[in-house]
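Each reported figure results from applying straightforward, stated rules to the coordinates on display, with no laboratory input. Not measured: the values here are computed from a predicted model. Cβ sites come from the backbone with ideal geometry, for glycine too, and all protein chains shown count toward neighbours.
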Amino acid sequence: MNALVQATQHRYRSVFISDLHLGTRGCRSDFLLDFLQRTQCENLYLVGDIIDGWRLRKSWFWDETHDHILRLILKKAQNGTATTYIPGNHDEMLRHWLPMGLEMGGIKLRDEMIHTTADGKRLLVIHGDQFDSVVRYAKFLAYLGDWAYTTSLTVNRYFNAVRRHLGLPYWSLSQWLKRQVKEAVKAIDRFEVALAGEAKRRGLDGVVCGHIHHAEMREVNGVLYLNDGDWVESCTALVEHFDGRLELVDWAALNRFSFYAPRKLVGDVQPA
């Protein structure tokens with residue numbers, strides 16, 4: 001990797017990340033740690049599914065990189081970054097603490113937030129599973145879908161090992177499959193319309209969410225729909241620049257990481 005690219009520091013007013021799924025082998029914790037080490041912001045929003053409680057209940061997976069990530073997030077919060085954790089369905093165990101308005105190590109735990117950008121846009125920040133009918137009304141199907149998704153990620157790992165030997169960058173098989181399946185595309189569209197509709201109902205300018213692992217930034221019925229993606233497939237974040245401009249950052253593509261990037265990204269936690 002180019003040393004200049006590695007050394008580049010990125011400063012933003014706000015950063016929104018979700019669906020890290022720490023505790024799973026599919027989590028691109030190495031990419032995420034690199035992003036956090038090279039990014040500074042005034043506001044950090046953790047928009048759900050940060051720790052995958054579903055997976056950890058079945059089998060324990062936690063490596064050194066996961067520890068580095070949690071320590072770095074805590075360090076950012078303690079050094080003045082306004083950090084808000086909004087639980088999702090995979091870390092729903094934290095929702096029991098929401099009525100208490102809990103704050104842990106400088107990190108606020110909230111069900112949702114209203115974020116105001118530098119240029120005055122008011123955005124609802126929410127994980128989004130509340131608008132997923134499968135998660136709400138047929139949880140067994142959600143667990144079945146989680147199993148199928150995990151299987152596709154395992155296939156994806158071997159597929160990208162071949163790509164690495166061919167000198168090709170990381171490519172998400174599961175993302176491609178979702179785009180090819182018509183019903184999945186329809187479900188994504190219904191989700192986007194529902195979230196945008198909720199923001200519009202509240203008189204807000206837009207919504208920031210995660211949940212469906214599909215990074216997107218578009219206008220839906222006159223409202224901004226902003227999905228920050230995930231750190232399993234797309235390795236993306238939504239960022240707000242100091243003038244209020246919003247941008248989706250594809251960290252893997254930006255740095256041309258391969259799926260099996262060298263673990264040299266893991267090191268001592270750098271100053272936040």
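Under 15 Å from the Cα of LYS76, which aspartates and glutamates turn up, not counting those fewer than eight places away in the same chain?
ASP34, GLU42, ASP67, GLU103, ASP268
So between ARG25 and ASP189, what do we pick up on full extension, going 0.36 nm a residue minus the alpha carbon distance? Before the final figure, lay out the partial values.
Numbers: separation 164, 0.36 × 164 = 59.04 nm, distance 2.85 nm.
Extra length from ARG25 to ASP189 when fully extended: 56.2 nm.
Which aspartates and glutamates does LYS121 reach when only Cα atoms under 16 Å apart count, and residues fewer than 8 places away in its own chain are ignored?
Answer for LYS121, where 16 Å is the Cα cut-off: GLU198, ASP205, GLU219, GLU240, ASP243, GLU247, listed by chain and number.
Rounded, prolate or oblate for region 15-62? Axes are the square roots of the Cα gyration tensor eigenvalues, ordered a ≥ b ≥ c, and the cut-off for rounded is a/c under 1.5. Spell out each step's value before the answer.
Values: a/c = 3.62, a/b = 1.80, b/c = 2.01.
Judged from the Cα gyration tensor, region 15-62 comes out oblate (a/c at least 1.5, b/c at or above a/b).
At R0 = 41 Å, how high is the FRET efficiency between MET93 and HIS241 if r is their beta carbon distance? Nearest 0.05 is fine. Please list the in-between numbers first.
On the way: r = 34 Å, r/R0 = 0.84.
Once the sixth-power term is evaluated, E becomes 0.75.
What is the extension gain from ARG201 to ILE114, computed as 0.36 nm multiplied by their sequence separation minus the C-alpha to C-alpha distance, in nm to one decimal?
Values: separation 87, 0.36 × 87 = 31.32 nm, distance 1.39 nm.
Full-extension gain reported as 29.9 nm.
So what J values fall out for region 239-252 if you push phi through Karplus, 6.51 cos²θ - 1.76 cosθ + 1.60 with θ = phi - 60°, rounded to Hz, Gly and Pro as x?
Running phi through 6.51 cos²θ - 1.76 cosθ + 1.60 with θ = phi - 60° gives 10, 10, 7, 5, 9, x, 5, 9, 8, 8, 10, 9, 5, 5 Hz.
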